[in-house]
Amino acid sequence: MSWLALGIIGVVLLILIMMMVGIYNRLVRGKNQYENAFAQIDVQLKRRYDLIPNLVETAKGYAKHEKETLDAVVKARNTALSALESAGGKIGDPGAMQALGDAEAGLLGALGKLNVVVEAYPDLKANTSMEKLMEELSSTENKVAFSRQAYNDAVMTFNIARESFPAVMFAGMFGFTEVGQLDIRFEPGGREAPKVEF
Amino acid sequence: MAMNFFEHQEKARRSTGRLVILFALAVGAIIALLYFFFAYFLVFKSAGESSSNTDGYREIGLWQPMTLIYVVGGTLLCSGLACLIKIVSLSDGGSAVAEMVGAVRVNPATSDPQERKYINVVEEMAIASGVPVPAIYIMQDEININAFAAGYTVQDAAVAVTRGCIDSLNRDELQGVVAHEFSHILNGDMSLNIRLIGVLAGILFIAIIGRILLEVGARSGGGRRGSRNKEGGGGAGALLAIGLALFLVGYIGYFFGSLIKAAVSRQREFLADASAVQFTRNPGGIGGALRQIGGYADGELETKRASEISHMCFSSTISGFFSFATHPPLPERISRIENTPLEAIGPGGATLGAPLAAGVAGLAGGTIRTSAADVIASTGSVTKAGVEKAIHIVASLPAGLAEAAQHPLSASALVYLLILPENKKERRKLARTGLPGILGQDELGELYRLEKLMPGLAAHARLPLLEMCAPALRNLTSDQAREFTGRIERIVKLDNEVDLREFCYITMIEFCLYGNGRLRRKNKKRYKNFDEMAGDFSCVLSVLATAGHSDPGQRTLSFEMARSLLAGRVKLRYETEGIPVGELRTSIGRLARSSVRIREALLSAASHCVLADDTIEVEEAELLRALAHAVGVPVPLFLADTDID
């Protein structure tokens with residue numbers, strides 16, 4: 001009867017191996033997905049960081065007395081840029097993601113104050129290059145929000161796959177650790193509806 | 001005469017059928033070998049036992065039904081399971097395969113000029129051949145020149161090249177390589193490859209089990225030698241013997257399987273090379289790329305999974321024991337490309353003639369003279385003029401719109417805009433009144449921003465723009481995709497008119513979003529009989545006839561053209577009354593899941609319907625192309641010389 005026992009052991013072993021291969025492949029796919037989603041955020045954030053110096057330069061010409069607000073924007077932008085750079089090497093690391101989220105929230109706050117300033121200077125608001133920059137900024141902001149949702153979805157899917165049974169038994173062995181979402185805790189305070197101007 | 005898309009698909013299907021027979025024979029041989037091994041093994045075993053056991057001699061002959069059942073069951077179960085797993089994992093779409101071998105998506109907003117060039121070349125080739133832009137991948141760590149295409153169908157394909165490819169090739173050479181990969185996509189080589197990989201994986205699995213048993217047997221045999229346990233020693237010996245048998249038989253099967261795979265693959269490579277020259281009309285491009293490879297050792301990939309995708313690649317990926325050239329030798333390929341006249345290149349005596357440029361003799365005023373036969377003949381092929389026109393279209397797109405196609409948010413806003421009416425006034429009215437209740441604020445803002453650019457978009461550039469949105473839309477997460485399709489549904493219902501273009505766009509977008517593989521699994525019903533499709537033909541062709549002509553007499557005439565073409569196959573009924581929105585949608589969905597023959601008949605009838613007056617308006621041409629998209633047939637750009645300056 002050792003034949004039967006061997007057969008059973010063999011079949012069990014086979015199923016186990018196949019299961020592990022399946023789990024590994026699924027986790028790798030999940031990792032690819034959230035890394036790809038982060039790359040999308042990365043592009044838009046960098047683009048936004050590139051836009052801000054131009055914006056500040058343009059604003060300076062009209063609103064010299066708002067140096068404090070403008071400096072705060074530049075400072076927040078630099079903090080966010082370095083947070084992004086350090087997060088780039090360890091995508092999904094909960095600490096890095098949190099740092100980036102906080103820096104982004106700070107930048108959004110500073111930009112919100114800049115918006116108030118712009119409203120106070122009709123000339124600045126009417127400036128065509130300022131108008132263009134502001135529009136591009138809000139467009140990239142929307143894109144960031146959208147990509148961030150995609151990233152968080154992908155992270156959630158990955159974390160669920162990682163923590164579900166039986167993957168949870170092997171995930172550590174394969175080197176898959178928990179991945180952090182990118183949360184930007186910033187309340188925009190009731191955004192106005194986009195204006196139609198055709 | 002050049003083969004068209006349908007013939008290529010048909011041929012791929014037939015050669016798949018032959019392969020299945022070959023592999024069935026191989027599996028049969030494996031089973032027979034294993035059976036005889038086990039039968040002999042048991043005879044010897046019983047002989048050994050009976051010599052020590054004098055009173056009851058049991059006769060065991062070579063005919064052992066139970067052993068046969070075990071061997072057949074075991075082999076089919078194991079190799080079938082492994083084969084199935086492989087096929088399912090590969091048919092998730094081109095992206096899954098590309099990611100499996102470690103390729104990464106090219107960042108759509110990349111500032112790297114080489115990557116930019118690569119993206120542009122792929123987009124242009126996709127637009128020229130009439131397929132949605134595939135997912136674009138790059139293997140950053142590979143410095144050799146190589147490339148591959150993956151995916152089950154034209155709608156969920158992926159193209160990948162190595163870093164070396166974009167760095168060391170010039171634009172023409174890169175275009176040649178990309179055209180080569182597109183030929184694999186258009187000729188149906190990829191689904192053939194996936195099945196090949198699956199079956200080989202099944203056979204290889206037998207060998208892998210054998211190797212595991214060998215290792216286990218060797219270890220347990222070694223461990224128990226000291227204890228002189230006869231039973232255990234016998235078990236280990238049996239394990240070793242079985243393992244060796246499985247290992248040998250599995251590898252012999254794999255050996256022959258690989259031979260077949262390599263032979264098939266070499267044929268397809270010659271075809272792809274020839275098609276690349278045909279698409280670009282520039283032997284220097286692909287020829288130069290091959291010469292460049294010749295300068296390197298060869299195109300070996302470092303990735304461990306290289307053997308799985310070797311025959312999808314542009315040049316051979318692996319060398320060593322048990323691997324056969326999946327690609328013809330470079331000099332032969334180069335000489336075929338450069339020495340032989342275009343018309344005479346092709347595998348197995350099949351000649352690829354000059355492609356029929358659909359309607360190169362165009363008329364002024366946005367109409368194109370072409371014939372329905374040209375439409376069918378041009379499916380799945382590309383012309384140099386087509387590529388040039390695609391380059392022209394991409395270059396003349398309003399900058400903001402081309403850029404918007406690269407990001408999921410702005411790409412979805414763009415799709416909403418393209419689904420809205422073409423007429424500026426109607427579109428703006430709907431956007432103002434209908435959309436705020438449907439879209440979120442982010443999307444609304446993006447849509448209003450893009451709307452201002454829409455007047456700069458030429459009619460013939462609408463579908464290409466939609467094709468360019470495909471890679472960005474594939475980046476939507478499943479939640480986002482669900483919301484997106486839900487919103488499209490509601491936008492379509494805003495105006496209570498039946499619009500064929502809208503539905504073709506939607507079907508195409510759904511294919512892009514969910515990949516053909518997943519859609520196929522969700523809805524398994526396939527249609528092969530013309531009889532059951534009569535209602536769907538009538539529905540789509542009625543809408544087409546009504547949409548293309550305002551005069552009732554013209555409408556009837558064009559419908560009659562389609563009817564006469566399909567006479568004997570489908571009984572058409574012209575629905576002059578309005579067709580419910582849902583019915584058109586269902587019909588297009590059913591047609592998209594019907595056999596190649598049915599889709600060819602549909603496209604042919606649709607071309608006759610549109611071309612009843614021998615000229616084709618730009619709008620009609622785009623409508624026809626959109627319909628072709630929806631049913632998964634690549635129809636290249638229609639050309640009017642007025643468009644190409």
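The values are calculated or read from the model by the stated rules, or taken from the named source; none is laboratory data. Worth saying up front: this structure is predicted, and the values here are computed from it rather than measured. Cβ atoms come from the backbone with ideal geometry, glycine included; neighbour counts cover every protein chain shown. The area values use the complete protein model at the heavy-atom level, side chains included, leaving out ligands, DNA and RNA. Shrake-Rupley method; radii C 1.70, N 1.55, O 1.52, S 1.80 Å.
Data overview
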{"quantity": "Which listed pairs, of A:K64/B:K452; A:K125/B:K425; B:K261/B:K528; A:K31/B:K117, have C-alpha distances above 31 Å, in listed order", "calculated": "A:K64/B:K452"}
{"quantity": "Positions from the stretch A:103-145 whose accessible area shrinks by 10 Å² or more when the full protein complex is built, not the chain alone, probe 1.4 Å", "calculated": "A:E135, A:S139, A:N142, A:K143, A:A145"}
{"quantity": "For the stretch B:401-415, residues shielded by at least 40 square angstrom of accessible area compared with the chain on its own, probe 1.4 Å", "calculated": "B:E403, B:H407, B:L409"}
{"quantity": "The stretch B:397-507, accessible surface, carbon-and-sulfur percent (1.4 angstrom probe)", "calculated": "48 percent"}
{"quantity": "For chain A, alpha-carbon Rg and Dmax in angstrom", "calculated": "24.0, 93"}
{"quantity": "Carbon and sulfur %, accessible surface of the stretch B:54-189 computed with the full protein complex present, 1.4 Å", "calculated": "62 percent"}
{"quantity": "Heavy-atom accessible area per residue - the stretch B:527-645, 1.4 Å, Å²", "calculated": "39 Å²"}
{"quantity": "Contour minus Cα-Cα distance for B:Q64 and B:R171 (0.36 nm per residue)", "calculated": "32.0 nm"}
{"quantity": "Exposure of B:R573 as accessible area (Å², to 10), given a probe of 1.4 Å and all protein chains", "calculated": "150 Å²"}
{"quantity": "Volume per residue that the Cα convex hull of the stretch B:527-645 spans, once the total is divided by residue count, Å³", "calculated": "102 Å³"}
{"quantity": "Stokes-Einstein diffusion coefficient of the stretch A:4-99, Kirkwood radius over Cα pairs, 10 °C, 1.306 mPa s, in µm²/s", "calculated": "91 µm²/s"}
{"quantity": "Listed residues B:R333, B:R432 arranged by accessible area, highest first, probe 1.4 Å", "calculated": "B:R432, B:R333"}
{"quantity": "Extension reserve of the A:S129-A:D71 stretch, reckoned as 0.36 nm per residue once the Cα distance is removed", "calculated": "18.9 nm"}
{"quantity": "Carbon + sulfur, % of accessible area of the stretch A:138-190 - ligands and nucleic acids excluded, 1.4 Å", "calculated": "57 percent"}
{"quantity": "Solvent-accessible area of B:T586 with every protein chain in place, 1.4 Å probe, in Å² to the nearest 10", "calculated": "80 Å²"}
{"quantity": "Probe 1.4 Å, accessible area per residue of the stretch B:397-507, Å²", "calculated": "33 Å²"}
{"quantity": "Sequence-distant residues sharing a close amide H with B:Y527 (under 5 Å, placed H)", "calculated": "B:S594, B:S595"}
{"quantity": "Hull volume in cubic angstrom per residue (convex hull over the Cα atoms of the stretch B:397-507)", "calculated": "94 Å³"}
{"quantity": "Volume of the Cα convex hull of the stretch B:436-482, divided per residue and given in Å³", "calculated": "100 Å³"}
{"quantity": "Estimated buried accessible area (total), pair A and B, 1.4 Å, Å² to nearest 100", "calculated": "3300 Å²"}
{"quantity": "Spacing of the two label points (7 Å from each Cα toward its C-beta) at A:E85 and B:E403, in nm", "calculated": "2.4 nm"}
{"quantity": "Nitroxide proxy distance, nm - points 7 Å out along Cα→Cβ at B:A567 and B:Q441", "calculated": "6.4 nm"}
{"quantity": "Rounded to whole Hz, the Karplus (6.51, -1.76, 1.60) HN-Hα couplings of the stretch A:50-64, x for glycine and proline", "calculated": "6, 6, 4, x, 4, 4, 5, 4, 4, 5, 4, x, 9, 10, 5"}
